[in-house]
Amino acid sequence: MKMKAAVLDAIGSRFEIREVDLAAPKAGEILVKIAASGLCASDLNAIDGKRKLVPFPAVIGHEASGVVVECGTGVTRIQPGDHVILSIVPHCGTCDYCISGRPNYCSTAGNAMGAGGLFDGTSRLSENGERLNHFLTVASFAEYAVVPESGAVVIPKEMPLDRAALISCAVLTGYGAVHNTAKVKAGSRVAVFGCGGVGLNIIQGARLAGATTIIAIDVTTEKLDLAKKVGATHIINATTNDPVAEVKSISGGVDYAFEALGREATIQQAWATVDVDGELILVGLLKNGATITLDAGPFVNEQSIKGCYFGSANLAKDVPSLVKSYLNGALFLDELISQRVDLQGLNSAFDRLRSGEGARNVLVFD
């Protein structure tokens, strides 16, 4: 089928809206009409070359929702007409990681992402007979996408699809970092460095977990004001205050510090705010090959550091829970959308993301 897609030809290039071909879904795959796709820092990392996430040329986009149009053979859990949230953590069910209960690290999916294809290594996308690559097995900056069945979760049709898209990545990562990776306890003290799409969802994840002190640190007033709306009890503008000194003044130190920017300087600051027996959780993605230097002294206080990938998410459990939380008013999503754009507005929207403006821009289709 022919469709419009935002094609990125190389690292550092601009999106071009072109007509491309999308092949029908193969066994175990589904065709989805994309309704919305959030613009994420992971997309930007690929566009700017901070991380090598996909071969080019490619169709980027991964934080998405839509409506199922067609199912390939062997698909049993999903049917045409279903509303779905798409995910960058599909799983094959047969590799060592899947068998050991860690489907987020599915080696089949990982190999597919590295090759820019789907599980069989091939692409469903092409232009004038030449292959285009899929970004993270999703490729949602397009009118349609073919994805693995295991990379989609059916949601109730009363869930608005533009807000559902945010759950696909930003919400799952931030909320999951709190509830799955760190397992934040009620009554805890929490600091969050970086209040973009993921950081804001760490904040509201901490609120939902019952943390009593939630300190948001950022450099923009707009994001800090939004942090207060979604659950921060205190805010610190790092351009005018020493965040380490301020966090210690407020709380004496925190039980959990989350770094959501992927920068060595803020990782060092976050580490310095952790109290005895506390934990630093690294949620932001560092550049490929990056190293960090940390003060080793706090280790004698049994402080620890933990990585986080996609909020240690369990799609089958977390997505329905988050949708339910939104529908009952506990999870804030409307407030997170800064601007809705069309395919032609992608380049400008990513320029805003680079400059740190807003929480989440969302690509929407009529």
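Quick notes
- Each residue in segment 161-187 was checked for being in contact (Cβ under 8 Å) with a residue 60 or more places away in the chain and part of a loop (DSSP other than H, G, I, E, B), and 2 pass.
- Members of segment 317-366 found to be among the charged types (D, E, K, R) and not in a helix (DSSP H, G or I), listed by number: ARG340, ASP342, GLU357, ARG360, ASP366
- Set side by side, the residues VAL138, VAL89 differ, and just one is at pLDDT below 95, among the aliphatic types (A, V, I, L, M) and within 22 Å of LEU44 (Cβ to Cβ), which is VAL89.
- Meets criteria (more than 16 Å from SER37 (Cβ to Cβ) and surrounded by 24 or more Cβ atoms within 10 Å (Cβ to Cβ)) for VAL190: yes
- Residue match in segment 97-105 (condition: touching a strand residue (DSSP E or B) at 6+ places or on another chain (Cβ under 9 Å) and under 19 Å from VAL153 (Cβ atoms)): no
- Which listed residue, of GLU149, GLU143, GLU127, GLU158, is out of contact with any strand residue (DSSP E or B) (no Cβ under 8 Å at 6 or more places or on another chain), surrounded by fewer than 23 Cβ atoms within 10 Å (Cβ to Cβ) and among the acidic types (Asp, Glu): GLU158
- Unique residue being touching a Gly at 6+ places or on another chain (Cβ under 6 Å), among the hydroxyl-bearing types (Ser, Thr, Tyr) and within 19 Å of LEU172 (Cα to Cα) when the list is SER65, SER42, SER87: SER87
- Check on SER65, surrounded by fewer than 19 Cβ atoms within 10 Å (Cβ to Cβ), in contact with a helix residue (DSSP H, G or I) (Cβ under 9 Å, 6 or more places away or on another chain) and of a type in the set (S, T, N, Q): no
- Test: residue in segment 141-152 that is outside any helix (DSSP H, G or I), in contact with a helix residue (DSSP H, G or I) (Cβ under 7 Å, 6 or more places away or on another chain) and more than 30 Å from GLU279 (Cα to Cα): yes
- Selection status of VAL190, in contact with a helix residue (DSSP H, G or I) (Cβ under 6 Å, 6 or more places away or on another chain), under 16 Å from THR273 (Cβ atoms), outside any helix (DSSP H, G or I) and not basic (Lys, Arg): yes
- For segment 268-291, taking the residues that are touching a residue at least 40 places away in the same chain (Cβ under 8 Å) and part of a helix (DSSP H, G or I), the one that is nearest to SER312 (Cα to Cα) is identified as ALA270.
- Restricting segment 71-113 to residues that are polar (S, T, N, Q) and within 24 Å of LYS52 (Cα to Cα), the residue that is surrounded by the most Cβ atoms within 10 Å (Cβ to Cβ): SER87
- Identity of the residue in segment 292-333, without any contact (Cβ under 8 Å) to a residue 24 or more places away in the chain and among the hydrophobic types (A, V, I, L, M, F, W, C), that ends up nearest to GLN269 (Cα to Cα): ALA296
- Index of the failed condition, SER100 passing every other in (1) among the hydroxyl-bearing types (Ser, Thr, Tyr); (2) within 18 Å of SER312 (Cα to Cα); (3) at pLDDT 95 or above: (3)
- Qualifying residue in segment 245-256 (condition: among the hydrophobic types (A, V, I, L, M, F, W, C) and either outside any helix (DSSP H, G or I) or touching a Leu at 6+ places or on another chain (Cβ under 9 Å) (or both)): yes
The values are calculated or read from the model by the stated rules, or taken from the named source; none is laboratory data. A quick note: this is a predicted structure, and the numbers were derived from the prediction, not measured. We place every Cβ from the backbone using ideal geometry, glycine too, and count neighbours over all the protein chains shown.
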